[in-house]
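Below you'll find the structure, written out as structure tokens, and then a few comments.
The values are calculated or read from the model by the stated rules, or taken from the named source; none is laboratory data. Just so it is clear, the structure is predicted and the values come from calculations on it, not from any experiment. Note: ideal-geometry Cβ built from the backbone for every residue, glycine included; neighbour counts use all protein chains shown.
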Amino acid sequence: MKSSESATHPGPADAEALSPHLYVELFLHDGPEVIRELIGSLRARRDRVVREWQALYAHRFGAHRAIPDGLFRDTYGSQLRHAVNSIVVGDTAGFIRFAAELGEQVAAAGVPFGAMVSHLHLWKESCVKALADEAGGLYARVLLLDKLMCCFVSAAADGYYGDIGRAAAAGTRPTSTAALEPDGSVVPGTTFCGMVGQSFAMQRVFEQVRASAQAATPVLVLGETGVGKECIARAVHQCGPRRTGPFTAVNCAALPRELIESELFGYKRGAFSGAVADHLGLFRAASGGTLLLDEITEMSAELQAKLLRVLQERTVRPVGSLAEVPVDARIIASSNRDPADALASGRLRSDLYYRLCGSTIVVPPLRERADDIGRLVAHHIAVLNARYGRSRSTWRSIAPEAIAALCARTWPGNVRELFNVLEHAFTSTATPDIRIDDVAPRTCSFPRPTPVVVPTYQQGERSLIEAALLSTGGNKLLAARLLGISRKKLYARLAKYALPVLVFTQVAPASLLRSRPSVSVGATTGPHLTPKAPHSRLG
């Protein structure tokens, strides 16, 4: 075992080996005894720490997003345990190595780095809660724990992004994109930056992504709705030299036209009503990274002209400012429209298109890569099992005939529609396996209302006159009173509608009496009149 002095103060060789890891200086001078005491306190409260962590995770992110048992036990638990054992004995290099290996394993599992940081932050918070009953020295222990976790996350980041960087530099698939079969096993070589695709069409797209990622020019991503244009943009970002910078996406169609300029370029305080403070804007917020302008054809022509100037001059002018500010963000634009149609209709400026089209990636629709549907289904079922916290014993799979039915569909909504169908089937079925009935096409149909035939005014008036005459036995005077009109007007209506002369016998036919409507006279026509027996003399 190394001595205390040599463990906490590395020699020249060790210092040279650890020189890139300057974050180690955060806790080198605390001494192994203090670190060993802290780790001993946490080990004594291990069960409480785990319970606190699970409760915090469920509260912050929801119980349905629980980490799979395999990832928690075999990756986080194993590497944290080895790293802790190393730091307890003063092996700083071992601590860094195990933290970096955790980053590599998390990247290989396809877990976003931000998610790993959130997991470790909640772990630290649960440790603090478990140490709350300490009699004294809690502040010093929390500070030391914060230093250790900061160092651990930094070393894990080196492993996470170093793995992706080495793969991108070698021009190979990043190792952080392994897919999962329905049984949970890892299948190497089936995905690229989280995207599944072994068809020739998608392999060609992946090659375009690798080539575009190394350049600094704008990229135009084209494709139908739901094909994964934003995933392609993220892959360009992850495979390029700006991978450690932010990736910011904005949907130009979702922002009101009067607000999109201020959101993109920022604004100065007092530039307009409600501008109570300076706003950075998305271009400057994405500095050092990538900005995705989704649905670029929905942007106004005036704003497209300003965007063209930003691409040419690499500067933006915030709303309400006279000075231009330099920006350092790579621009990726996307659209679900055909560029030729967009140019012809004026939705896309030709000068902006020529600036963007130097590097164009066209993502094929799902119907043109039907060979990938089965792999997409298996991959997303594995993702859903992990998302909803299913263990190996409760792992939900999909029946082969259901996969065959999914492969036979045309999918106008492409990958997004496929994934939505799978998630609906996954959450709604009560059986262990998703069956063919669970993924059958569903259409939302509403009962059509029965059309109502409304008579014309003339038809209604004629019917009323006939009913009044029938009710009064052909007595035009009484009929006119029932209708609330003069007898002269009634005669005019009889002539207008060419009503035949009604000749009633002393006893009306039974069918007429049964169909005779009940006509009551209001206050304007006097008391109720009971018609006399039918007679042959016309009123």
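A few notes on this one:
- Taken as a whole, the range 402-421 holds no residue that is of a type in the set (Asp, Glu) and either touching a helix residue (DSSP H, G or I) at 6+ places or on another chain (Cβ under 7 Å) or surrounded by 18 or more Cβ atoms within 10 Å (Cβ to Cβ) (or both).
- Residue 264 vs. criteria free of Cβ contacts under 8 Å to residues at least 60 places away in the same chain and within 19 Å of the chain's Cα centre (by Cα): no
- Candidates 273, 334, 345, filtered to the one that is small (Gly, Ala, Ser), at negative phi and in contact with a helix residue (DSSP H, G or I) (Cβ under 6 Å, 6 or more places away or on another chain): 334
- Enumeration of residues in the range 394-411 that are in contact (Cβ under 8 Å) with a residue 60 or more places away in the chain and of a type in the set (Val, Ile, Thr): 398
- Residue within the range 419-430 that is assigned to a helix (DSSP H, G or I), over 27 Å from the mean Cα position of the chain (by Cα) and touching a residue at least 12 places away in the same chain (Cβ under 8 Å) present: no
- The range 287-316: number of residues that are among the small types (Gly, Ala, Ser), under 20 Å from residue 355 (Cα atoms) and either under 29 Å from the mean Cα position of the chain (by Cα) or crowded, with 20+ Cβ neighbours inside 10 Å (or both): 3
- Residues of the range 200-227 satisfying the condition of being of a type outside the set (A, V, I, L, M, F, W, C) and closer than 24 Å to residue 241 by Cβ: 203, 204, 207, 208, 210, 212, 214, 217, 218
- Selection within the range 214-259 - touching a residue at least 24 places away in the same chain (Cβ under 8 Å), outside any loop (DSSP other than H, G, I, E, B) and either outside the structural domain of residue 335 (by TED's automatic domain parsing) or under 18 Å from residue 299 (Cα atoms) (or both): 219, 220, 221, 222, 229, 230, 248, 249, 250, 251, 257
- Candidate set: the range 323-338, residues that are of a type outside the set (A, V, I, L, M, F, W, C) and in a loop (DSSP other than H, G, I, E, B); chosen: the one surrounded by the fewest Cβ atoms within 10 Å (Cβ to Cβ): 338
- Residues that are assigned to a loop (DSSP other than H, G, I, E, B) and surrounded by 12 or more Cβ atoms within 10 Å (Cβ to Cβ) within the range 339-365 comprise 347, 348, 349, 357, 358, 359, 363, 364, 365, listed in sequence order.
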